[in-house]
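Everything on this sheet refers to the single structure shown next.
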Amino acid sequence: MLDLESIVSALPHRYPFLMVDRILVIETNKHIIGYKNISNNEPWVQGHFPNQPLFPGALIIETMAQIGGFAFYQESKNKKEQLRGYLIKVDKMKFIGQVLPGDRLVIEGDVIASVNNMAQVKCVAKVDETIVASGVLSYAFQ
Amino acid sequence: MLFNESEIREIMYQTDPMLMLKLVEKIDDMSVKADINIDNIWSKELAVGTPIFIVIEAMGQSAEFMWRQSGKTGKALLIGINDLEIEEIRFSFDNVKINAKANISYRNFCKSNVWITNKSGSKIITAEIIHCFFSS
């Protein structure tokens with residue numbers, strides 16, 4: 001498991017773009033599980049939509065991208081070299097359920113291809129074990 | 001036909017800090033060009049270049065705006081994205097344009113082709129975006 005301190009030292013993202021609260025399972029180059037707690041005091045709440053907050057699909061992808069990248073986390077590496085990956089493609093992304101304040105958005109990712117500095121991760125987003133979104137993310141690593 | 005920020009606010013459901021369009025040019029009922037504008041809260045920390053969340057949200061809003069111009073009403077929810085390809089992610093919002101073109105619609109489901117061009121007109125990000133409009 002990775003706590004917030006470890007996550008922050010591995011990712012360059014900071015508030016309001018840090019979308020990872022915990023990493024629960026890492027099988028490097030194979031499988032990842034992590035989550036973000038969705039709160040009612042986040043910046044998007046006011047505008048998407050007024051008085052009817054609904055976690056935006058674009059932020060679900062951002063959350064998938066950040067957690068999915070941890071599938072390539074290696075603890076022994078120099079922290080400064082961790083996870084300098086760039087999202088280069090999103091495909092077959094489907095949003096099939098709503099994510100609301102108070103929900104815990106759990107992301108499960110499976111590495112489906114990895115060649116040289118490129119990799120693909122199939123991600124599933126769940127709330128209370130129900131799938132709310134799924135898609136395939138492709139990364140390029142420096 | 002040009003829509004300024006206050007006119008865009010009248011048409012869209014999103015408000016600050018989630019409204020990300022500042023000027024939209026309606027080419028015809030089936031296509032628009034748009035400029036991106038982000039709230040200060042999103043520009044505080046751009047440590048890794050342009051966040052993909054902003055790019056996707058702005059592309060989706062451009063497509064949504066276009067469908068509203070062709071008569072769609074109600075709340076629009078993003079329900080799918082295919083073939084989002086990113087050639088370049090480090091750019092200034094002042095130097096890019098979003099282009100949205102209708103692909104197909106069936107009842108309240110609307111598919112759009114959306115792409116971002118840089119100053120020289122080259123496509124740097126492309127995607128197929130699907131919305132569903134719900135009457136409220």
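The values are calculated or read from the model by the stated rules, or taken from the named source; none is laboratory data. Keep in mind the model is a prediction, meaning the values are calculated, not measured. Backbone-built Cβ (ideal geometry, glycine too); neighbour counts: all protein chains shown.
Here's the yes/no breakdown for (1) hydroxyl-bearing (Ser, Thr, Tyr); (2) touching a Leu at 6+ places or on another chain (Cβ under 9 Å):
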site	(1), (2)
B:Met18	no, no
B:Asp28	no, no
B:Asp39	no, yes
B:Ser43	yes, no
B:Gly60	no, yes
B:Glu64	no, yes
B:Gln69	no, no
B:Gly74	no, no
Could you tell me whether the stretch B:64-72 includes any residue that is of a type outside the set (A, V, I, L, M, F, W, C) and within 14 Å of another protein chain (Cβ to nearest Cβ)? yes
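So that you can scan it fast, the table gives a plain yes or no per residue for (1) under 23 Å from A:Glu42 (Cα atoms); (2) not aliphatic (A, V, I, L, M):
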| site | (1), (2) |
| --- | --- |
| A:Leu105 | yes, no |
| A:Ser114 | no, yes |
| A:Ala119 | no, no |
| A:Ala125 | yes, no |
| A:Gly135 | no, yes |
| A:Gln142 | no, yes |
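With the structure loaded, tell me whether B:Phe53 is without any contact (Cβ under 8 Å) to a residue 24 or more places away in the chain, surrounded by 15 or more Cβ atoms within 10 Å (Cβ to Cβ), in contact with a helix residue (DSSP H, G or I) (Cβ under 7 Å, 6 or more places away or on another chain) and not in a strand (DSSP E or B) or whether it fails that test. Spell out how you get there, then give the answer.
On the way: without any contact (Cβ under 8 Å) to a residue 24 or more places away in the chain: yes; surrounded by 15 or more Cβ atoms within 10 Å (Cβ to Cβ): yes; in contact with a helix residue (DSSP H, G or I) (Cβ under 7 Å, 6 or more places away or on another chain): yes; not in a strand (DSSP E or B): yes.
Here the answer is yes, as B:Phe53 does meet what is asked.
Could you check, for the stretch B:16-26, whether at least one of its residues is surrounded by 20 or more Cβ atoms within 10 Å (Cβ to Cβ), touching a helix residue (DSSP H, G or I) at 6+ places or on another chain (Cβ under 6 Å) and farther than 23 Å from B:Gly121 by Cβ? Talk me through it step by step, then tell me what you get.
At the first step, the residues of the stretch B:16-26 found to be surrounded by 20 or more Cβ atoms within 10 Å (Cβ to Cβ) are B:18-21, B:24.
Checking which are touching a helix residue (DSSP H, G or I) at 6+ places or on another chain (Cβ under 6 Å) leaves us with B:18, B:20-21, B:24.
Now narrow it down to the ones that are farther than 23 Å from B:Gly121 by Cβ: B:18.
Looking for residues that are surrounded by 20 or more Cβ atoms within 10 Å (Cβ to Cβ), touching a helix residue (DSSP H, G or I) at 6+ places or on another chain (Cβ under 6 Å) and farther than 23 Å from B:Gly121 by Cβ, one finds at least one in the stretch B:16-26, hence yes.
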As an exercise: evaluate B:Trp42 against (1) outside any strand (DSSP E or B); (2) buried (at least 18 other Cβ atoms within 10 Å of the Cβ); (3) more than 8 Å from every other protein chain (Cβ to nearest Cβ) and give the number of the one condition it does not meet. (3)
So, in the stretch A:14-68, of the ones that are assigned to a strand (DSSP E or B), touching a helix residue (DSSP H, G or I) at 6+ places or on another chain (Cβ under 7 Å) and of a type in the set (A, V, I, L, M), which residue ends up surrounded by the fewest Cβ atoms within 10 Å (Cβ to Cβ)? A:Ile26
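Yes/no matrix, rows are residues, columns are (1) under 14 Å from the mean Cα position of the chain (by Cα); (2) among the basic types (Lys, Arg); (3) more than 15 Å from B:Leu78 (Cβ to Cβ):
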residue: A:Ile88; (1), (2), (3): no, no, yes
residue: A:Met93; (1), (2), (3): yes, no, no
residue: A:Pro101; (1), (2), (3): no, no, yes
residue: A:Leu105; (1), (2), (3): yes, no, yes
residue: A:Val115; (1), (2), (3): no, no, yes
residue: A:Ala119; (1), (2), (3): no, no, yes
residue: A:Val127; (1), (2), (3): yes, no, yes
residue: A:Val132; (1), (2), (3): yes, no, no
Within the stretch B:109-126, take every residue that is of a type outside the set (Phe, Trp, Tyr) and surrounded by fewer than 16 Cβ atoms within 10 Å (Cβ to Cβ) and give me the one that is nearest to the other protein chains (Cβ to nearest Cβ). B:Lys123
Check whether at least one residue in the stretch A:52-75 is under 29 Å from B:Asn40 (Cα atoms), more than 14 Å from every other protein chain (Cβ to nearest Cβ) and acidic (Asp, Glu), and report yes or no. no
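Let me confirm something: among B:Ile52, B:Ile56, which residue is within 11 Å of another protein chain (Cβ to nearest Cβ), at pLDDT below 90 and within 13 Å of the chain's Cα centre (by Cα)? Full working, then the answer.
On the way: B:Ile56 fails: at pLDDT below 90.
Result: B:Ile52 is the single residue among B:Ile52, B:Ile56 that is within 11 Å of another protein chain (Cβ to nearest Cβ), at pLDDT below 90 and within 13 Å of the chain's Cα centre (by Cα).
Working only within the stretch B:79-102, note down all residues that are facing chain A (nearest Cβ under 8 Å) and closer than 16 Å to B:Thr126 by Cα.
As a first pass, look at the stretch B:79-102 and keep what is facing chain A (nearest Cβ under 8 Å): B:79-86, B:89.
Hits for the stretch B:79-102 are B:Gly80, B:Ile81, B:Asn82, B:Asp83, B:Leu84, B:Glu85, B:Ile86, B:Ile89.
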Of the criteria (1) within 11 Å of chain B (Cβ to nearest Cβ); (2) surrounded by fewer than 23 Cβ atoms within 10 Å (Cβ to Cβ); (3) at negative phi, which one A:Ile131 fails: (1)
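Identify the residue in the stretch B:1-39 that is of a type in the set (D, E, K, R) and assigned to a loop (DSSP other than H, G, I, E, B) and, among all such residues, is farthest from the other protein chains (Cβ to nearest Cβ).
As a first pass, look at the stretch B:1-39 and keep what is of a type in the set (D, E, K, R): B:5, B:7, B:9-10, B:16, B:22, B:25-26, B:28-29, B:33, B:35, B:39.
The next check asks that each one be assigned to a loop (DSSP other than H, G, I, E, B); those that pass are B:16, B:29, B:39.
Numbers: B:Asp16: 5, B:Asp29: 25, B:Asp39: 8 Å.
Among those residues, the one meeting the criterion is B:Asp29.
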Looking at the stretch A:5-20, I want the residues that are away from chain B (no Cβ under 12 Å) and in contact (Cβ under 8 Å) with a residue 12 or more places away in the chain and have a partner that is assigned to a loop (DSSP other than H, G, I, E, B) and buried (at least 16 other Cβ atoms within 10 Å of the Cβ) with Cβ atoms under 6 Å, at least 6 apart or on another chain. Which pairs are those? A:Ile7/A:Val20; A:Ala10/A:Gln82; A:Ala10/A:Leu83
